[in-house]
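S.K.: Supplied in structure tokens, the structure appears directly below.
None of the figures in this text is laboratory data; all of them are computed from the coordinates on show. Note that the structure is predicted; figures quoted are calculated from it, not measured. Here Cβ is always computed from backbone atoms with ideal geometry, including for glycine, and neighbour counts include all displayed protein chains.
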Amino acid sequence: MIKPMQILQLYLERIKATFNREVYTINNTQDIARNAVQAAAGKKAQDITVLDIRDISIIADYFIVCSGNSTTQVKSIADEIKKRMQEHGYQLDHVEGYREEKWILLDYKDVVVHVFHSQEREFYKLEKLWGDAKVVAY
């Protein structure tokens, strides 16, 4: 399970890396998000939500939040997203929670994908935490 301090550490690493990384165009980050959403949908991810956090955070441009009903489905969704993104040439920067299979975080720099087990998603309520973000329709 991802602990709050791990999330904070990831965000701090992101801030430090902001000055040393390739800058994506807005269209490219939208393409990255669209590909991740399509991959998640292909594995029957539930309640796929795309949050545009560009105006409220420097951490990323988009958060994608989705869920599965079992640890097997959570891992399958994450695997499909990783596979699809690799096929399109998008480099995975960081992964968290892969062994536990309850909350898998896939960090593509400007797009961060959160694949939750449905119970974990209900507990953490990430969309509520980022309530000021715009919800994007895909």
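S.K.: Using the Karplus curve 6.51 cos²θ - 1.76 cosθ + 1.60 with θ = phi - 60°, what ³J(HN,Hα) values do you get for each residue of the range 48-56, in whole Hz, with x for Gly and Pro?
M.R.: Going residue by residue, I get 5, 10, 10, 10, 8, 10, 4, 7, 10 Hz, with x marking Gly and Pro.
S.K.: Work out, step by step, the length gained on full extension between residue 38 and residue 98: first 0.36 nm times the residue separation, then minus their alpha carbon distance; give nm to one decimal.
M.R.: Values: separation 60, 0.36 × 60 = 21.60 nm, distance 2.03 nm.
Extra length available between residue 38 and residue 98 comes to 19.6 nm.
S.K.: Can you flag which of 43/83; 43/82; 43/134; 82/102 are past 20 Å Cα-Cα? Write down the numbers at each step before the final one.
M.R.: On the way: 43/83 12 Å; 43/82 12 Å; 43/134 25 Å; 82/102 17 Å.
As for pairs spanning more than 20 Å Cα to Cα, those are 43/134.
S.K.: Quick check: net charge around residue 122, other residues with Cβ under 14 Å of its Cβ, Lys/Arg +1 and Asp/Glu -1? Please report the intermediate quantities before stating the final value.
M.R.: Working: positive: 102, 121, 125, 128; negative: 47, 120, 127.
Here the count lands on +1.
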